[in-house]
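Colleague: Starting off with a structure, shown below.
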Amino acid sequence: MLQGKRITLIIGGGIAAYKCLEVIRMLRRAGASVIPVLTKAATEFVTPMSVAALSEARVFQHLFDLKDEAEMGHIQLSREADLIVVAPATADLIARMATGQAGDLASTLLLATDKPVLIAPAMNVRMWEHPATQRNLTQLRADGIGMIGPNAGDMACGEFGLGRMAEPTEIIDSIIGALGPRPLSGTRILVTSGPTHEPIDPVRYIANRSSGAQGTALAAALRDLGAEVVFVTGPAQVPAPPGVTLHRIETAAQMLEASLGALPVDAAIFAAAVADWRVQENFTQKIKKGAQGTPKIEFCENPDILATISHHALRPRLVIGFAAETENVVAQAAAKRARKGCDWIVANDVSPGTGIMGGSRNTVHLITAEGREDWPSLPKTEVAHRLAARIVEALK
Ligand code: CTP
């Protein structure tokens, strides 16, 4: 898969550094060569010896190592590889990247490189959520830096939340995405994602628990395979992926308009949790409590975006819907596939106990004209990769 590719792997100083040993092993197995760079803090977590042994390569550590400069200057080193991967990307390393510092070998390479850079952040959840870190990440995204994870889960520090470094398989998938074959290049794919917000009055709205994680993961997976992705998203909790054509909307009506505006496309995937109803009356002023008692709100049905595009004159070659169900998941989803006129339905059980809506894992059933497949519980990113692989096959 990565035969002949060269990856500079910058290992930062975090507990997740141990996972990099597995990343190195997997890269070597995939045919890539690895140029390992350790920060000073990284050596507290993994030894240069183990990194050298697994990568079968010289480990670079110090900016002012004259021997290095004689053999290969740091500018040359920064351009040696096809891709630079930073894992774990600690809060400190991210901050130094965002501000363009060059105080050690790792940050100097990152500042001097002209090659694509992927980072796999890993840190305590509070550090991840801190406005300073989020500001730095926004800057790095704007600078075109690719991101892998982080995932949510238990942390070495005993807390729970976002901040766990992505698993080695996810890191390898992203590297393949960045460097590997691009079977979807030349295709254009629409992805809808996230919830919609339907206003009640100027200050209130109706929403749902969709985080946008599954749609975002799908858009990123399709982009990595070379597709031009038109990403129409409601107000999601997860950030939109870089490298897609982004349309931010709030209501179902706006999502329909943006989706129709994206046509023609080769495939369309409707991962959004669209509100079925909107408030009929247009309350232009805030509804006040008072003598008239509790408000009576009348609803009317929203347009069905999936059904509209499934029956459109410019119908894409492949139309995929999602089905969020809380009972009789497969039967309801199969009926939905027929009713809406799409090719495939990805069905999932969104009952509160499953933790799927708003969570990081998904258990889906893929329902097609040929029948049904039950997939195991997987991270949403993995569901996205599998689905993207199927889309590649279908669009061949
Ligand atoms: N969908 C859509 N437009 C809508 C409602 C849903 O495009 N107005 C799409 C969703 O993006 C998803 C699929 O239709 O791909 C099914 O959504 P779901 O909420 O599961 O179904 P509903 O249409 O709401 O049907 P039901 O009320 O029977 O659950």
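The values are calculated or read from the model by the stated rules, or taken from the named source; none is laboratory data. Bear in mind the structure is a predicted one, so any value in this text is a computation, not a measurement. When we count neighbours, we look across all protein chains shown, and the Cβ atoms used for this are built from the backbone with ideal geometry, even at glycine. When the accessible area is computed, the model is the full protein with side chains, heavy atoms only, and any ligands, DNA or RNA have been set aside. Shrake-Rupley method; radii C 1.70, N 1.55, O 1.52, S 1.80 Å.
Colleague: State, to one decimal in nm², a quarter of the convex hull surface area for the C-alpha atoms of segment 348-396, i.e. the direction-averaged projected area.
Modeller: Result: a mean projected hull area of 3.8 nm².
Colleague: Next up: Might you tell me the accessible area per residue for the chain, computed with a 1.4 Å probe and given in Å²?
Modeller: Working: 18590 Å² over 396 residues.
So the chain comes to 47 Å² accessible per residue, rounded to a whole number.
Colleague: How large is Rg over Rh for segment 136-251, taking Rg from the Cα atoms and Rh as the Kirkwood inverse mean of 1/r across Cα pairs?
Modeller: Rg/Rh: 1.02.
Colleague: Quick one: check the C-alpha center-to-center distance for segment 250-277 versus segment 178-242, whole angstrom.
Modeller: 10 Å
Colleague: With +1 on each Lys and Arg Cβ and -1 on each Asp and Glu Cβ, and nothing else charged, work out how big the dipole of the chain is about its Cα centre, in Debye to the nearest 20.
Modeller: With only Lys, Arg, Asp and Glu charged at Cβ, the dipole is about 380 debye.
Colleague: Sticking with this one: Within the chain, how many Lys pairs sit with Cα atoms under 28 Å apart, leaving out pairs fewer than 8 places apart on the same chain?
Modeller: Lysine pair count for the chain: 19.
Colleague: At 30 Å minimum axial length over the Cα atoms and a Kyte-Doolittle cut of 0.5, report the qualifying DSSP H helices in the chain, or say none.
Modeller: Qualifying helices, which must be both long enough and hydrophobic enough, do not occur.
Colleague: Right, here's the next one. Where the accessible area of the chain is counted over protein heavy atoms with a 1.4 Å probe, how much of it, in %, is carbon and sulfur?
Modeller: Details: 9920 of 18590 Å².
The nonpolar share, carbon plus sulfur, comes to 53 percent.
Colleague: Using alpha-carbon positions, what is the distance between the centroids of segment 322-382 and segment 106-170, in Å?
Modeller: Centre-to-centre (Cα) distance: 30 Å.
Colleague: So which GluC sites (Glu not before Pro) in segment 220-294 pass both tests, a DSSP loop state and at most 15 other Cβ atoms within 10 Å of the Cβ?
Modeller: Glu281
Colleague: Are there any GluC sites (Glu not before Pro) in segment 325-396 that are in a DSSP loop and have at most 13 other Cβ atoms within 10 Å? List them by number.
Modeller: When the GluC sites (Glu not before Pro) of segment 325-396 are filtered for loop state and at most 13 Cβ neighbours within 10 Å, Glu327, Glu370 remain.
Colleague: Multiplying the sequence separation of Lys396 and Gln254 by 0.36 nm and subtracting their Cα-Cα distance, what value in nm do you get?
Modeller: So the chain would gain 48.0 nm between Lys396 and Gln254.
Colleague: Let me know the whole percent of all Cα-Cα pairs from the chain that are separated by more than 32 Å.
Modeller: 41 percent
Colleague: So, one more: Using only the alpha carbons of segment 188-394, what is the convex hull's orientation-averaged projected area in square nanometres?
Modeller: On the way: hull surface 48.7 nm².
Directional mean of the projected Cα hull area for segment 188-394 stands at 12.2 nm².
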